[in-house]
Amino acid sequence: MAKNIQAIRGMNDILPSDTPAWQYVEGVLRRVAAQYSYQEIRMPVLESTDLFKRSIGEVTDIVEKEMYTFDDRNGDSLTLRPEGTASCVRAGNEHGLLYNQIQRLWYLGPMFRHERPQKGRYRQFHQFGIEAFGMEGPDIDAEIILLTARLWQEFGIAEQVELQLNSLASNEARAAYREALREFLRAHEDGLDEDSKRRLDTNVLRVLDSKSPETQAILADAPKLSDYWDDESRAHFDGLCQRLDAAGIRYVLNERLVRGLDYYNRTVFEWVTTELGAQGTVCAGGRYDGLVEQLGGKATPAVGFAMGMERLVLLLEAQGKIPPSPTLDLYVMAVTPAAELNAPAVAEQIRTAQPQLRVQLHSGSQNIKKKLARADKSGATYALLVRDTDFELKHLRQREIEPVVLTSLSDLNLGVNG
Ligand code: ATP
Ligand code: MG
(Lines give C-alpha, C1' and ligand atoms only; values in the text may rest on other atoms or scores of the structure.)
(Ligands and ions follow the chains in the order given, each with its own letter.)
Protein backbone atom coordinates (compact mmCIF):
# COMPACT_ATOMS: atom_id res chain seq x y z
CA MET A 1 0.00 0.00 0.00
CA ALA A 2 1.24 3.49 -0.78
CA LYS A 3 2.56 5.47 2.15
CA ASN A 4 0.22 8.23 3.31
CA ILE A 5 1.40 11.75 2.72
CA GLN A 6 0.92 13.90 5.79
CA ALA A 7 0.44 17.62 6.35
CA ILE A 8 3.51 19.73 7.07
CA ARG A 9 4.35 19.87 10.78
CA GLY A 10 2.69 22.85 12.43
CA MET A 11 0.21 23.31 9.57
CA ASN A 12 -3.22 22.15 10.58
CA ASP A 13 -6.30 21.01 8.77
CA ILE A 14 -9.41 22.62 10.15
CA LEU A 15 -11.85 19.73 10.01
CA PRO A 16 -15.62 19.85 9.52
CA SER A 17 -16.05 19.32 13.25
CA ASP A 18 -14.09 22.55 13.86
CA THR A 19 -15.24 24.77 11.01
CA PRO A 20 -18.49 25.80 12.74
CA ALA A 21 -16.43 27.35 15.55
CA TRP A 22 -14.26 29.18 13.02
CA GLN A 23 -17.24 30.36 11.04
CA TYR A 24 -18.86 31.65 14.19
CA VAL A 25 -15.72 33.55 15.20
CA GLU A 26 -15.17 34.93 11.71
CA GLY A 27 -18.79 36.01 11.52
CA VAL A 28 -18.52 38.04 14.72
CA LEU A 29 -15.23 39.62 13.58
CA ARG A 30 -16.70 40.66 10.22
CA ARG A 31 -19.85 42.02 11.81
CA VAL A 32 -18.06 44.07 14.45
CA ALA A 33 -15.49 45.39 11.94
CA ALA A 34 -18.41 46.57 9.79
CA GLN A 35 -20.05 48.18 12.84
CA TYR A 36 -16.99 50.41 13.12
CA SER A 37 -16.93 51.04 9.34
CA TYR A 38 -13.74 49.09 8.66
CA GLN A 39 -13.41 47.65 5.15
CA GLU A 40 -11.87 44.35 4.22
CA ILE A 41 -8.63 44.13 2.25
CA ARG A 42 -7.18 40.84 0.93
CA MET A 43 -3.49 40.60 0.16
CA PRO A 44 -1.50 37.77 -1.44
CA VAL A 45 0.17 35.28 0.91
CA LEU A 46 3.47 35.60 -0.99
CA GLU A 47 5.48 38.80 -1.07
CA SER A 48 9.02 39.92 -1.88
CA THR A 49 11.35 38.96 0.95
CA ASP A 50 12.59 42.56 1.08
CA LEU A 51 9.17 43.78 2.18
CA PHE A 52 9.46 41.95 5.49
CA LYS A 53 13.16 42.62 5.96
CA ARG A 54 12.57 46.35 5.55
CA SER A 55 9.47 46.56 7.71
CA ILE A 56 9.71 43.99 10.49
CA GLY A 57 13.46 44.54 10.90
CA GLU A 58 16.52 42.42 10.16
CA VAL A 59 17.29 41.59 13.78
CA THR A 60 13.88 40.39 14.91
CA ASP A 61 12.87 36.81 15.68
CA ILE A 62 10.65 36.73 12.63
CA VAL A 63 13.22 37.82 10.06
CA GLU A 64 16.18 36.09 11.70
CA LYS A 65 14.68 32.66 12.06
CA GLU A 66 10.96 32.31 11.39
CA MET A 67 10.35 33.17 7.74
CA TYR A 68 9.52 30.70 4.99
CA THR A 69 11.75 32.16 2.29
CA PHE A 70 12.66 30.61 -1.05
CA ASP A 71 13.71 31.53 -4.55
CA ASP A 72 11.04 31.10 -7.18
CA ARG A 73 11.77 29.87 -10.70
CA ASN A 74 12.99 33.30 -11.76
CA GLY A 75 15.43 33.44 -8.88
CA ASP A 76 13.41 36.10 -7.00
CA SER A 77 13.44 35.76 -3.23
CA LEU A 78 9.87 35.34 -1.99
CA THR A 79 8.49 34.90 1.51
CA LEU A 80 5.23 33.47 2.79
CA ARG A 81 3.85 36.37 4.80
CA PRO A 82 4.61 36.07 8.53
CA GLU A 83 2.15 38.88 9.36
CA GLY A 84 -0.27 41.21 7.62
CA THR A 85 0.75 44.78 8.39
CA ALA A 86 3.67 44.98 5.96
CA SER A 87 1.57 43.58 3.12
CA CYS A 88 -1.27 45.93 3.96
CA VAL A 89 1.02 48.96 3.83
CA ARG A 90 2.60 47.68 0.62
CA ALA A 91 -0.84 47.31 -0.96
CA GLY A 92 -1.98 50.69 0.35
CA ASN A 93 1.07 52.43 -1.14
CA GLU A 94 0.83 50.54 -4.39
CA HIS A 95 -2.82 51.45 -4.95
CA GLY A 96 -2.74 54.98 -3.59
CA LEU A 97 -5.02 54.21 -0.64
CA LEU A 98 -2.97 55.98 1.98
CA TYR A 99 -1.72 59.33 0.79
CA ASN A 100 -3.76 62.16 2.26
CA GLN A 101 -6.61 59.85 3.14
CA ILE A 102 -8.16 58.10 6.04
CA GLN A 103 -8.50 54.35 5.78
CA ARG A 104 -9.97 51.89 8.20
CA LEU A 105 -9.08 48.40 7.02
CA TRP A 106 -9.28 44.83 8.23
CA TYR A 107 -7.93 41.53 6.94
CA LEU A 108 -8.15 37.90 7.89
CA GLY A 109 -6.04 35.05 6.65
CA PRO A 110 -3.19 32.60 7.08
CA MET A 111 0.30 33.65 8.20
CA PHE A 112 3.44 31.52 8.21
CA ARG A 113 6.28 31.32 10.71
CA HIS A 114 8.80 28.56 11.19
CA GLU A 115 8.47 28.20 14.96
CA ARG A 116 8.41 25.20 17.29
CA PRO A 117 4.82 23.97 17.11
CA GLN A 118 2.98 23.73 20.43
CA LYS A 119 -0.42 24.61 21.82
CA GLY A 120 -1.31 28.07 20.48
CA ARG A 121 1.80 28.24 18.29
CA TYR A 122 1.80 26.85 14.76
CA ARG A 123 3.65 27.26 11.49
CA GLN A 124 0.54 28.18 9.58
CA PHE A 125 -1.82 30.20 11.73
CA HIS A 126 -4.48 32.81 11.11
CA GLN A 127 -4.72 36.42 12.05
CA PHE A 128 -7.55 38.88 12.04
CA GLY A 129 -6.05 42.35 11.80
CA ILE A 130 -7.14 45.96 11.84
CA GLU A 131 -5.11 48.82 10.37
CA ALA A 132 -6.14 52.48 10.59
CA PHE A 133 -4.24 54.98 8.44
CA GLY A 134 -4.04 58.75 8.36
CA MET A 135 -5.05 59.50 11.95
CA GLU A 136 -2.46 60.55 14.49
CA GLY A 137 -4.47 61.38 17.60
CA PRO A 138 -5.04 59.02 20.52
CA ASP A 139 -8.75 58.82 19.64
CA ILE A 140 -8.08 56.26 16.92
CA ASP A 141 -5.85 54.20 19.25
CA ALA A 142 -8.77 54.24 21.67
CA GLU A 143 -11.19 53.26 18.90
CA ILE A 144 -9.36 50.10 17.90
CA ILE A 145 -8.95 49.10 21.54
CA LEU A 146 -12.66 49.66 22.13
CA LEU A 147 -13.35 47.54 19.07
CA THR A 148 -11.36 44.67 20.58
CA ALA A 149 -13.06 45.17 23.94
CA ARG A 150 -16.42 44.85 22.19
CA LEU A 151 -15.24 41.62 20.59
CA TRP A 152 -14.43 40.12 24.02
CA GLN A 153 -17.88 41.18 25.20
CA GLU A 154 -19.56 39.57 22.20
CA PHE A 155 -17.55 36.39 22.64
CA GLY A 156 -18.27 36.31 26.38
CA ILE A 157 -14.60 36.30 27.44
CA ALA A 158 -14.20 39.86 28.71
CA GLU A 159 -13.27 38.51 32.16
CA GLN A 160 -10.58 36.24 30.74
CA VAL A 161 -8.44 38.87 29.03
CA GLU A 162 -6.39 41.74 30.39
CA LEU A 163 -5.30 44.81 28.46
CA GLN A 164 -1.64 45.74 28.85
CA LEU A 165 -0.49 49.11 27.58
CA ASN A 166 2.77 50.90 27.07
CA SER A 167 4.21 53.71 25.00
CA LEU A 168 7.41 53.27 23.02
CA ALA A 169 7.43 57.07 22.61
CA SER A 170 9.23 58.78 19.73
CA ASN A 171 12.14 57.30 17.80
CA GLU A 172 14.49 59.80 19.46
CA ALA A 173 13.26 59.05 22.96
CA ARG A 174 13.51 55.33 22.31
CA ALA A 175 17.04 55.71 20.93
CA ALA A 176 18.13 57.53 24.07
CA TYR A 177 16.49 54.89 26.24
CA ARG A 178 18.12 52.12 24.23
CA GLU A 179 21.55 53.58 24.97
CA ALA A 180 20.79 53.89 28.68
CA LEU A 181 19.43 50.36 28.86
CA ARG A 182 22.40 48.96 26.96
CA GLU A 183 24.84 50.71 29.26
CA PHE A 184 23.03 49.39 32.33
CA LEU A 185 22.85 45.83 31.00
CA ARG A 186 26.52 45.84 29.94
CA ALA A 187 27.39 46.34 33.57
CA HIS A 188 25.37 43.18 34.40
CA GLU A 189 26.19 41.20 31.28
CA ASP A 190 27.45 38.10 33.11
CA GLY A 191 24.06 37.48 34.68
CA LEU A 192 22.10 37.68 31.42
CA ASP A 193 20.76 34.71 29.48
CA GLU A 194 22.43 33.94 26.15
CA ASP A 195 19.68 35.42 23.96
CA SER A 196 19.76 38.63 25.93
CA LYS A 197 23.55 38.88 25.65
CA ARG A 198 23.21 38.58 21.91
CA ARG A 199 20.46 41.18 21.83
CA LEU A 200 22.54 43.74 23.73
CA ASP A 201 24.04 44.86 20.44
CA THR A 202 21.29 44.02 18.00
CA ASN A 203 17.90 44.64 19.61
CA VAL A 204 18.36 45.59 23.24
CA LEU A 205 14.68 46.45 23.85
CA ARG A 206 13.81 42.79 23.37
CA VAL A 207 15.83 41.97 26.49
CA LEU A 208 12.89 43.51 28.39
CA ASP A 209 10.63 40.59 27.48
CA SER A 210 13.21 37.89 28.18
CA LYS A 211 11.62 34.90 29.91
CA SER A 212 14.74 34.22 32.02
CA PRO A 213 14.16 34.86 35.76
CA GLU A 214 17.81 35.92 36.22
CA THR A 215 17.51 38.49 33.45
CA GLN A 216 14.18 39.67 34.83
CA ALA A 217 15.78 40.10 38.26
CA ILE A 218 18.50 42.28 36.76
CA LEU A 219 15.89 44.30 34.89
CA ALA A 220 14.16 45.25 38.14
CA ASP A 221 16.73 48.02 38.62
CA ALA A 222 17.07 48.96 34.96
CA PRO A 223 16.24 52.44 33.67
CA LYS A 224 12.57 52.87 32.80
CA LEU A 225 11.33 53.69 29.35
CA SER A 226 8.74 56.09 30.74
CA ASP A 227 11.54 58.25 32.17
CA TYR A 228 12.59 58.86 28.57
CA TRP A 229 9.17 59.61 27.11
CA ASP A 230 9.07 62.86 25.13
CA ASP A 231 6.32 65.37 25.99
CA GLU A 232 4.24 64.74 22.85
CA SER A 233 4.29 60.98 23.35
CA ARG A 234 3.38 61.39 27.00
CA ALA A 235 0.44 63.61 26.07
CA HIS A 236 -0.62 61.13 23.40
CA PHE A 237 -0.49 58.27 25.89
CA ASP A 238 -2.39 60.26 28.52
CA GLY A 239 -5.00 61.07 25.88
CA LEU A 240 -5.44 57.38 25.18
CA CYS A 241 -5.71 56.48 28.87
CA GLN A 242 -8.28 59.23 29.48
CA ARG A 243 -10.44 57.94 26.64
CA LEU A 244 -10.21 54.37 27.89
CA ASP A 245 -11.08 55.54 31.40
CA ALA A 246 -14.10 57.42 30.08
CA ALA A 247 -15.25 54.31 28.24
CA GLY A 248 -14.78 52.13 31.32
CA ILE A 249 -11.97 50.00 29.85
CA ARG A 250 -9.57 48.59 32.42
CA TYR A 251 -5.86 48.30 31.59
CA VAL A 252 -2.51 47.86 33.23
CA LEU A 253 0.64 49.72 32.36
CA ASN A 254 3.36 47.23 31.41
CA GLU A 255 6.66 49.05 31.05
CA ARG A 256 8.31 45.91 29.68
CA LEU A 257 5.89 45.59 26.79
CA VAL A 258 7.97 46.38 23.70
CA ARG A 259 6.62 44.05 20.96
CA GLY A 260 8.84 42.00 18.71
CA LEU A 261 8.75 44.12 15.58
CA ASP A 262 10.87 47.15 14.76
CA TYR A 263 8.23 49.37 13.29
CA TYR A 264 6.25 50.32 16.39
CA ASN A 265 6.32 53.72 18.11
CA ARG A 266 4.14 55.33 20.79
CA THR A 267 1.17 53.13 21.76
CA VAL A 268 1.72 49.40 22.07
CA PHE A 269 -0.79 47.03 23.61
CA GLU A 270 -1.56 43.37 24.14
CA TRP A 271 -4.62 41.51 25.32
CA VAL A 272 -3.35 38.65 27.46
CA THR A 273 -5.07 35.69 29.03
CA THR A 274 -3.84 33.33 31.71
CA GLU A 275 -6.05 30.53 30.36
CA LEU A 276 -3.80 29.37 27.52
CA GLY A 277 -0.48 28.66 29.22
CA ALA A 278 2.63 30.19 27.70
CA GLN A 279 0.88 31.36 24.53
CA GLY A 280 -1.25 33.88 26.37
CA THR A 281 -1.26 36.85 24.00
CA VAL A 282 -4.46 36.75 22.01
CA CYS A 283 -4.19 40.15 20.36
CA ALA A 284 -1.31 42.57 19.95
CA GLY A 285 -0.79 45.87 18.25
CA GLY A 286 0.30 49.42 18.32
CA ARG A 287 1.18 52.54 16.42
CA TYR A 288 3.58 52.50 13.48
CA ASP A 289 3.79 56.06 12.25
CA GLY A 290 7.04 55.54 10.36
CA LEU A 291 6.26 52.42 8.37
CA VAL A 292 4.36 53.84 5.41
CA GLU A 293 7.22 56.21 4.61
CA GLN A 294 9.81 53.53 5.29
CA LEU A 295 8.14 51.40 2.62
CA GLY A 296 8.23 54.18 0.05
CA GLY A 297 4.98 56.07 0.70
CA LYS A 298 4.34 59.58 2.03
CA ALA A 299 4.60 59.88 5.81
CA THR A 300 1.27 58.61 7.18
CA PRO A 301 0.37 57.92 10.80
CA ALA A 302 -0.99 54.42 11.39
CA VAL A 303 -2.13 52.13 14.16
CA GLY A 304 -3.36 48.55 14.18
CA PHE A 305 -3.41 45.14 15.77
CA ALA A 306 -3.41 41.47 14.90
CA MET A 307 -5.38 38.78 16.68
CA GLY A 308 -4.32 35.15 16.71
CA MET A 309 -7.39 33.23 15.59
CA GLU A 310 -6.21 29.82 16.84
CA ARG A 311 -5.61 31.23 20.32
CA LEU A 312 -8.99 32.92 20.26
CA VAL A 313 -10.76 29.71 19.19
CA LEU A 314 -8.85 27.73 21.85
CA LEU A 315 -9.86 30.23 24.51
CA LEU A 316 -13.51 30.20 23.45
CA GLU A 317 -13.54 26.41 23.45
CA ALA A 318 -11.88 26.26 26.87
CA GLN A 319 -14.52 28.65 28.20
CA GLY A 320 -17.37 26.77 26.52
CA LYS A 321 -18.30 29.85 24.50
CA ILE A 322 -18.71 28.31 21.07
CA PRO A 323 -22.43 28.17 20.31
CA PRO A 324 -23.73 24.71 19.36
CA SER A 325 -23.66 24.23 15.61
CA PRO A 326 -27.02 24.03 13.87
CA THR A 327 -28.29 20.56 13.11
CA LEU A 328 -29.87 19.21 9.96
CA ASP A 329 -33.59 19.99 9.75
CA LEU A 330 -34.84 17.59 7.15
CA TYR A 331 -33.73 14.34 5.54
CA VAL A 332 -35.54 13.68 2.26
CA MET A 333 -35.87 10.13 0.93
CA ALA A 334 -37.92 8.39 -1.74
CA VAL A 335 -39.86 5.29 -0.72
CA THR A 336 -41.34 4.19 -4.07
CA PRO A 337 -39.64 3.64 -7.44
CA ALA A 338 -41.45 6.57 -9.07
CA ALA A 339 -40.60 8.84 -6.15
CA GLU A 340 -36.94 7.87 -6.56
CA LEU A 341 -36.90 9.99 -9.75
CA ASN A 342 -38.87 12.81 -8.20
CA ALA A 343 -37.02 13.16 -4.89
CA PRO A 344 -34.28 15.57 -6.09
CA ALA A 345 -36.94 17.88 -7.52
CA VAL A 346 -38.87 17.71 -4.24
CA ALA A 347 -35.77 18.64 -2.27
CA GLU A 348 -35.17 21.56 -4.65
CA GLN A 349 -38.72 22.83 -4.17
CA ILE A 350 -38.29 22.77 -0.41
CA ARG A 351 -34.95 24.61 -0.61
CA THR A 352 -36.52 27.27 -2.82
CA ALA A 353 -39.61 27.73 -0.68
CA GLN A 354 -37.84 27.53 2.70
CA PRO A 355 -34.21 28.62 2.26
CA GLN A 356 -33.66 28.71 6.02
CA LEU A 357 -33.92 24.90 6.26
CA ARG A 358 -30.94 22.56 6.17
CA VAL A 359 -32.05 19.80 3.86
CA GLN A 360 -30.15 16.63 3.00
CA LEU A 361 -31.24 14.35 0.20
CA HIS A 362 -30.69 10.63 0.58
CA SER A 363 -28.31 9.16 -2.01
CA GLY A 364 -28.44 5.51 -3.14
CA SER A 365 -31.27 3.03 -3.50
CA GLN A 366 -31.48 1.04 -0.29
CA ASN A 367 -34.57 -0.35 1.35
CA ILE A 368 -36.64 1.93 3.58
CA LYS A 369 -35.22 0.54 6.78
CA LYS A 370 -31.65 1.37 5.73
CA LYS A 371 -32.70 4.80 4.53
CA LEU A 372 -34.35 5.53 7.86
CA ALA A 373 -31.25 4.36 9.68
CA ARG A 374 -29.21 6.84 7.63
CA ALA A 375 -31.71 9.57 8.28
CA ASP A 376 -31.37 8.86 11.98
CA LYS A 377 -27.59 8.94 11.81
CA SER A 378 -27.61 12.21 9.90
CA GLY A 379 -28.85 13.97 13.03
CA ALA A 380 -31.81 15.46 11.17
CA THR A 381 -34.83 16.46 13.19
CA TYR A 382 -37.33 15.27 10.56
CA ALA A 383 -37.44 12.80 7.69
CA LEU A 384 -39.64 13.43 4.68
CA LEU A 385 -40.67 10.21 2.92
CA VAL A 386 -41.53 10.97 -0.69
CA ARG A 387 -44.25 8.65 -2.01
CA ASP A 388 -46.04 8.51 -5.37
CA THR A 389 -48.69 11.11 -4.66
CA ASP A 390 -48.02 12.39 -1.15
CA PHE A 391 -45.42 12.75 1.60
CA GLU A 392 -44.95 11.40 5.08
CA LEU A 393 -43.24 13.62 7.63
CA LYS A 394 -41.66 11.79 10.54
CA HIS A 395 -40.18 13.36 13.65
CA LEU A 396 -36.93 11.48 14.18
CA ARG A 397 -36.07 12.75 17.66
CA GLN A 398 -39.42 12.40 19.39
CA ARG A 399 -40.85 9.02 18.51
CA GLU A 400 -44.11 9.71 20.34
CA ILE A 401 -45.01 12.34 17.74
CA GLU A 402 -47.15 10.58 15.11
CA PRO A 403 -46.04 10.90 11.47
CA VAL A 404 -48.24 13.19 9.37
CA VAL A 405 -49.23 12.78 5.76
CA LEU A 406 -48.92 15.87 3.56
CA THR A 407 -50.61 16.08 0.20
CA SER A 408 -48.73 19.22 -0.79
CA LEU A 409 -45.27 20.57 0.01
CA SER A 410 -46.83 23.92 0.88
CA ASP A 411 -48.14 22.21 4.04
CA LEU A 412 -44.59 21.53 5.18
CA ASN A 413 -43.95 23.53 8.35
CA LEU A 414 -41.07 22.53 10.60
CA GLY A 415 -41.30 25.60 12.79
CA VAL A 416 -37.79 26.67 11.74
CA ASN A 417 -37.47 30.37 11.03
CA GLY A 418 -34.54 31.90 9.17
P1 ATP B 1 4.48 35.54 20.50
O2 ATP B 1 5.15 36.39 21.50
O3 ATP B 1 3.41 34.67 21.08
O4 ATP B 1 5.44 34.80 19.61
P5 ATP B 1 4.35 37.62 18.56
O6 ATP B 1 4.70 38.84 19.28
O7 ATP B 1 5.35 36.94 17.72
O8 ATP B 1 3.69 36.56 19.56
P9 ATP B 1 2.63 39.05 16.74
O10 ATP B 1 3.59 39.11 15.64
O11 ATP B 1 2.36 40.27 17.51
O12 ATP B 1 3.02 37.86 17.73
O13 ATP B 1 1.26 38.44 16.21
C14 ATP B 1 0.00 38.82 16.77
C15 ATP B 1 -0.73 37.64 17.33
O16 ATP B 1 -0.73 36.56 16.42
C17 ATP B 1 -0.11 37.06 18.58
O18 ATP B 1 -0.48 37.79 19.69
C19 ATP B 1 -0.70 35.67 18.59
O20 ATP B 1 -2.03 35.69 19.08
C21 ATP B 1 -0.73 35.33 17.12
N22 ATP B 1 0.44 34.52 16.75
C23 ATP B 1 1.70 34.92 16.52
N24 ATP B 1 2.49 33.90 16.19
C25 ATP B 1 1.70 32.79 16.19
C26 ATP B 1 1.91 31.40 15.91
N27 ATP B 1 3.09 30.94 15.52
N28 ATP B 1 0.87 30.55 16.05
C29 ATP B 1 -0.35 31.00 16.42
N30 ATP B 1 -0.62 32.28 16.68
C31 ATP B 1 0.39 33.19 16.58
MG1 MG C 1 6.56 35.26 17.96
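The values are calculated or read from the model by the stated rules, or taken from the named source; none is laboratory data. Owing to the predicted nature of the structure, the values given are computational and were not obtained by experimental measurement. As a convention, Cβ positions derive from the backbone with ideal geometry for all residues, glycine included, and neighbour counts pool all protein chains shown.
Just a few scattered comments:
- Check on Met43, in the same structural domain as Arg121 (by TED's automatic domain parsing), more than 30 Å from Pro323 (Cβ to Cβ), within 14 Å of ligand 1 (Cβ to nearest atom) and crowded, with 16+ Cβ neighbours inside 10 Å: no
- When Thr267, Thr281 are checked against the criterion of being polar (S, T, N, Q), under 17 Å from Glu83 (Cα atoms) and in the same structural domain as Thr148 (by TED's automatic domain parsing), Thr281 stands alone in meeting it.
- Checking each residue in the stretch 255-271 for being surrounded by fewer than 19 Cβ atoms within 10 Å (Cβ to Cβ) and more than 9 Å from ligand 1 (Cβ to nearest atom) picks out Glu255, Arg256.
- Any hit, the stretch 143-154, residues being more than 19 Å from the chain's Cα centre (by Cα), within 27 Å of Arg81 (Cβ to Cβ) and surrounded by fewer than 21 Cβ atoms within 10 Å (Cβ to Cβ): no
- For the stretch 278-287, the criterion of being assigned to a helix (DSSP H, G or I) and of a type in the set (Lys, Arg) is satisfied by no residue at all.
- Verdict on Ala339 being in a loop (DSSP other than H, G, I, E, B), more than 24 Å from Gln398 (Cα to Cα) and without any contact (Cβ under 8 Å) to a residue 60 or more places away in the chain: no
- Ser226 meets all of the listed conditions (1) over 19 Å from Pro138 (Cα atoms); (2) over 28 Å from the mean Cα position of the chain (by Cα) but one, namely (1).
- Restricting Leu396, Leu384, Leu406, Leu372 to those that are in contact (Cβ under 8 Å) with a residue 60 or more places away in the chain and in the same structural domain as Asn342 (by TED's automatic domain parsing) reduces the list to Leu396.
- The residue that is surrounded by the fewest Cβ atoms within 10 Å (Cβ to Cβ), among those in the stretch 218-234 that are in contact (Cβ under 8 Å) with a residue 12 or more places away in the chain and of a type in the set (A, V, I, L, M, F, W, C), is Ala222.
- Residue selected from the stretch 58-102 under the condition within 15 Å of ligand 2 (Cβ to nearest atom) and part of a loop (DSSP other than H, G, I, E, B), by the criterion farthest from the chain's Cα centre (by Cα): Val59
- Only a single criterion out of (1) part of a loop (DSSP other than H, G, I, E, B); (2) under 45 Å from the mean Cα position of the chain (by Cα); (3) in contact (Cβ under 8 Å) with a residue 12 or more places away in the chain is not satisfied by Ser363, namely (3).
- Of all residues in the stretch 300-352 being within 18 Å of Leu372 (Cβ to Cβ) and β-branched (Val, Ile, Thr), the one that is nearest to ligand 1 (Cβ to nearest atom): Thr327
- Filter pass, Pro301 being within 14 Å of Asp18 (Cα to Cα) and under 25 Å from the mean Cα position of the chain (by Cα): no
- Looking across Gln160, Gln118, Gln153, Gln127, one residue alone is within 15 Å of ligand 2 (Cβ to nearest atom), out of contact with any strand residue (DSSP E or B) (no Cβ under 7 Å at 6 or more places or on another chain) and not charged (D, E, K, R). It is Gln118.
- Restricting Ser363, Ser378 to residues that are surrounded by 10 or more Cβ atoms within 10 Å (Cβ to Cβ), farther than 21 Å from Ala338 by Cβ and polar (S, T, N, Q) narrows the list to Ser378.
- Test: Ala21 is of a type outside the set (S, T, N, Q), in contact (Cβ under 8 Å) with a residue 60 or more places away in the chain and more than 16 Å from ligand 1 (Cβ to nearest atom): no
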